[in-house]
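Beneath this line is the structure, given in structure tokens, with notes to follow.
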């Protein structure tokens, strides 16, 4: 055999990673990792099934998905249309054909009713989404929907229309595994986006740059890869892209038909041309590849890795699925730096805990909890979406994670959890935050669309009423949660005694092992496990149970095991996945 | 024998602090628990997120160019609260105007930095790190400040963010901030003792787990004191019934409570006014006016509060010309407010020209780091150069 000079060997190694030759060591740890990242976590039984199936077959299954993307949810109320219809109804029934305007009180009632319907619809939809995450058959699609929701952000706070927010979310669900190119073309016409980034008011006479800038900075290129002139020129290309009653409309008279230059490309560009110029520029593929790698790996990728996955994207003309497939069978996706080293976001933590415990918590609880931990679905904090990673963790959210795990386990009652009046806490509002802003804004919106608010004088009154009504709705929502208390009656029961018994765990150390495996996405170190054995032993003795008694279905074993599970889920280790 | 490492020091300290706070430390105005000193001076940072339109906050009503450029968002001479022949405050800033008249509000004109960035996120990073490199330059400026001022002496209540969205300015590996949204929930309802025991025995691990363990310790060490300071706080100050007012009330509880809190961060969002700016911005000004002035009054109740310095800033101002939707797009320089018992009121720095623009935007006249430097001099012992990497002359707002 020839001896290869060292420098040549180094060069060969540097080129080598472009072709993944080694195979993934497909074991329980790898399978759990893939399920955590491509989905939302799993029980040891599901992990075992994935291992038996084999990596390729399991990945195929991830992409097969279900056929229920559209079917289970449709939007009942398109608010603007509904408003007009009802206005017409009221006028004809109350006043006949007489050409009279509704009095102020009727208008206020109507506005309130419509707003209530709108938020109810949003809640219904969010519950449906959470259920799909917890028990749906298409976890990868929901994982990607969550990704796109944080990428092409829009917030109900600004859009103030549940129908449009839902339509946008469904767009992510439909195309989330498909073509990024198509997704960008569609999002540029999406009514919620048009509203959120003000392109609905981008007219040739004085363009509005908001959408054009974020399209480059956050959606396709990344900061630093375009100039201020590019922003201004691209904004001109999107002039006249607006919406009408919740549908995209191109307004010819507001469009700037003159020549533009974006990223050095000059021509009579319109919005679609600009999107293609951006996507075909050298910076888009690496930008998207990096973001996807960070999302799935939770670690900053090397430049080589970004480049390699950017190539995969380009070769597939920006289809997303081939990149994901390549990633899921890439041994580097399973490296130590990545495995169990990502900080779980609020949804990851709550949905993941529910899945690992094989339970179905009320979606309202998951939504409330996630909001408290900093991830309020359909209300991202700003146009960049959620920062993720370490930003999820503050001293405050860390303790609340422990408390919410207790609520999920029935160890902390809703009364204890909400032992103060959350209605007085303006930062904490699961379904209708910034009530004042929302109601004031909505009243304004009503003005535009249907003259629901007749005069300035009723504004203050209406605003006050709207606020009171929002508070009532909050009270109802939280009341429902309080009423749940220990919600064992919802769905399957958590039965940790059975878990321990089925695993034939007898000694305290074995019980610790079994429950750590079930509850934690990562392997706890020996010292932590030893301490956990002490915690369990102390509680077991205090409960008057002999070692080995944890698997007996006695009045004492289940509460004890749940107390123990609560400790485990409050650990720093439980925040990783 | 080796010297104890920094991590060791930190851990030992936090264990002590945790043990102490477990014994129910009730803050009182007389006493000074947990390392607080009578001469503590607190710095309060209020971030107006989204890019505050400075021209609508401190209105150059005396400038014809302003009126020509701002057809739909402008405030006329009769509307503004006149400060002089050229500038007036937004009509919703009535109570801040009173402050100004009484000499307690400094207005810093034209705050910004060279080579301005019009991205919210990049520009915020620059404000948060006081460095053109943003996050690539390391910790936030408050983290750097704590490292310079306190070295290895760690105190979990020292830097606190009230609200969600903790800014990068207070993120630090050595001196991380505590943060809460709802003070009542700032605790483990169960298992606090077990978790402390587990932590004592945990062995080290790198990366994310090490970070999580540090945060767990900080949570334990700060939980009792912060929680009770805010929940037990009673004040006659009548805060507005909104999130900003509520957060400022908690901030006042921390300052007046003598916890040794030296930096507090609070956010008011919603300033990205690309459309319908006039009304939206005025509402925000009203929120700022009500919350901030109540807060400033409330700080008069304690010696620490009277010495506090409050700095109001935003990531950028907005373009001089309006867009077509009654709003304005991202711009550059804008005014800052500085307030507090030791602040000499008045206008500092020159108003940027409305004619000589950089790509349609105001050119900064005052490097914002001059404000940081002076605030550091006013509240801390360390040299501002150690935090800001350069020398920035004081504006002179500190009497």
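The values are calculated or read from the model by the stated rules, or taken from the named source; none is laboratory data. Values in this document were obtained by computation on a predicted structure and should not be read as measured data. Glycine also receives a Cβ, built like all others from the backbone with ideal geometry; neighbour counts cover every protein chain displayed.
General remarks:
- Condition check for residue A:396: in contact with a strand residue (DSSP E or B) (Cβ under 8 Å, 6 or more places away or on another chain) and free of Cβ contacts under 8 Å to residues at least 60 places away in the same chain: yes
Table: residues versus (1) surrounded by 24 or more Cβ atoms within 10 Å (Cβ to Cβ); (2) within 13 Å of another protein chain (Cβ to nearest Cβ); (3) within 17 Å of the chain's Cα centre (by Cα); (4) touching a residue at least 40 places away in the same chain (Cβ under 8 Å).
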| position | (1), (2), (3), (4) |
| --- | --- |
| A:133 | yes, no, yes, yes |
| A:155 | no, yes, yes, yes |
| A:225 | no, yes, no, yes |
| A:229 | no, yes, no, no |
| A:234 | yes, yes, no, yes |
| A:237 | yes, no, no, no |
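- Count - residues of region B:93-119 that are away from chain A (no Cβ under 14 Å) and touching a helix residue (DSSP H, G or I) at 6+ places or on another chain (Cβ under 8 Å): 13
- Entry remark, region B:260-273: residues being in contact with a helix residue (DSSP H, G or I) (Cβ under 7 Å, 6 or more places away or on another chain), within 12 Å of chain A (Cβ to nearest Cβ) and within 16 Å of residue B:159 (Cβ to Cβ) number 2 in total.
- Criterion: away from chain B (no Cβ under 14 Å) and touching a strand residue (DSSP E or B) at 6+ places or on another chain (Cβ under 6 Å) - qualifying residue of A:179, A:127, A:162: A:179
- Any hit, region B:240-259, residues being touching a helix residue (DSSP H, G or I) at 6+ places or on another chain (Cβ under 8 Å), over 20 Å from residue B:165 (Cα atoms), within 11 Å of another protein chain (Cβ to nearest Cβ) and not in a helix (DSSP H, G or I): yes
- Residues of region B:158-176 satisfying the condition of being at pLDDT below 95 and either on the phi > 0 side of the Ramachandran plot or within 11 Å of chain A (Cβ to nearest Cβ) (or both): B:163, B:164, B:165, B:166, B:171, B:173, B:176
- The condition of being on the phi < 0 side of the Ramachandran plot, outside any loop (DSSP other than H, G, I, E, B) and either in contact with a strand residue (DSSP E or B) (Cβ under 8 Å, 6 or more places away or on another chain) or modelled with pLDDT of 95 or more (or both) holds for only one of B:210, B:179, B:184, B:196, that being B:179.
- Residue A:200 meets the conditions (1) within 14 Å of chain B (Cβ to nearest Cβ); (2) in contact with a strand residue (DSSP E or B) (Cβ under 6 Å, 6 or more places away or on another chain); (3) buried (at least 24 other Cβ atoms within 10 Å of the Cβ) in every case but one. The failed one is (3).
- Those residues of region A:170-191 which are within 16 Å of the chain's Cα centre (by Cα) and assigned to a loop (DSSP other than H, G, I, E, B), in sequence order: A:176, A:177
- Selected residue (only one of A:531, A:550 is buried (at least 19 other Cβ atoms within 10 Å of the Cβ), part of a helix (DSSP H, G or I), out of contact with any strand residue (DSSP E or B) (no Cβ under 6 Å at 6 or more places or on another chain) and modelled with pLDDT under 90): A:550
- Residue under evaluation residue A:387, criteria (1) free of Cβ contacts under 8 Å to residues at least 24 places away in the same chain; (2) under 22 Å from residue B:183 (Cα atoms), criterion not met: (2)
- Test: residue in region A:344-364 that is farther than 30 Å from residue A:498 by Cα and crowded, with 23+ Cβ neighbours inside 10 Å: no
- Wholly enclosed helices (runs of 4 or more DSSP H) of region A:284-356 bearing at least 3 residues more than 30 Å from residue A:495 (Cβ to Cβ), in contact with a helix residue (DSSP H, G or I) (Cβ under 7 Å, 6 or more places away or on another chain) and in contact (Cβ under 8 Å) with a residue 12 or more places away in the chain: A:284-297, A:303-315, A:320-328
- Lone unmet requirement of (1) at positive phi; (2) more than 14 Å from chain A (Cβ to nearest Cβ) for residue B:276: (2)
- Region B:126-157: number of residues that are within 13 Å of chain A (Cβ to nearest Cβ) and touching a strand residue (DSSP E or B) at 6+ places or on another chain (Cβ under 7 Å): 2
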